[in-house]
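Asker: Please find one structure pasted underneath; my questions will follow.
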Amino acid sequence: MTTNNNTLDQALQFQASFVSAANLVISRTQDTWVLDFCKSLIEQVESGRNLSAKQLAIFNKNYDSIVNGTPTQPSVDQTQYLEKAKKCLTMLNEKDEWNKNFLESIISQIEKSRTLSAKQITMLEKIETEKSKPKPKIDDTMKPFRVSGKPKAKATTPDSPIPTTHIQAMGVCKKCNKEKELDFQGNLCQECDPMPF
């Protein structure tokens, strides 16, 4: 019977000391997530339920940071995401409002020693990939064939062959209804087309 009383006494001592520590954290922080987290832990302990190892680890990290003034350092894995997020933030333009808000949010989350979810990591990597792509350069080979104005007509004589650079195939001209070599659109022959091939 004494063993059961000792266990109960230890549980009550833990409950009282934990609630006291959690209330101290609540009194010294303005972080709504930490406030809500500590309140939920207090409710859990007061209802007689045990805290998990992960809950205790997160609480201890926040307690050390807030009460003892020990700066929390993000884990190595989280540090790489912090660097990526900060880099991506510098590459955004003014139209990327959603991305900007998202990146600022995860930077804040990591700086508070919170772990990113798998979805957040996937989105961060997607933004990084999009923003890291080199922008294509337009050179002369990529410009459209007819940029402005009419192309210069090639000089032809009745004896010279019809230039075939833009001839698509033989067919019936839609204007003169004769079977001839048609333009690249397959509509008109060279005689009926006001723009030379």
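Asker: Which residue, of L103, L56, is surrounded by 12 or more Cβ atoms within 10 Å (Cβ to Cβ), over 28 Å from the mean Cα position of the chain (by Cα), assigned to a helix (DSSP H, G or I) and free of Cβ contacts under 8 Å to residues at least 60 places away in the same chain?
Answerer: From the options L103, L56, the qualifying one is L56.
Asker: Applying the selection to the stretch 39-53, what residues are under 22 Å from Q10 (Cβ atoms) and surrounded by 13 or more Cβ atoms within 10 Å (Cβ to Cβ)?
Answerer: L41, I42, Q44, V45, L51
Asker: Could you look through the stretch 23-44, keep only residues that are over 22 Å from I110 (Cα atoms) and aliphatic (A, V, I, L, M), and pick out the one that is modelled with the lowest pLDDT?
Answerer: The extreme case among them is L24.
Asker: If we keep just the residues of the stretch 10-38 that are surrounded by 12 or more Cβ atoms within 10 Å (Cβ to Cβ) and small (G, A, S), which is nearest to N68 (Cα to Cα)?
Answerer: Selected residue: A21.
Asker: Additional query: Condition check: under 26 Å from L35 (Cα atoms) and surrounded by 17 or more Cβ atoms within 10 Å (Cβ to Cβ). Does I127 satisfy that?
Answerer: Taking the combined requirement at face value, the residue does not satisfy it.
Asker: Quick check, is S148 assigned to a loop (DSSP other than H, G, I, E, B), of a type in the set (G, A, S), at negative phi and modelled with pLDDT under 50? Give the derivation first.
Answerer: Details: assigned to a loop (DSSP other than H, G, I, E, B): yes; of a type in the set (G, A, S): yes; at negative phi: yes; modelled with pLDDT under 50: yes.
Judged against the criteria, S148 is a match.
The values are calculated or read from the model by the stated rules, or taken from the named source; none is laboratory data. It should be emphasised that the depicted structure is a prediction, and the values quoted were computed from it without experimental measurement. With ideal geometry, Cβ positions are generated from the backbone for all residues, glycine too; neighbour counts draw on all protein chains shown.
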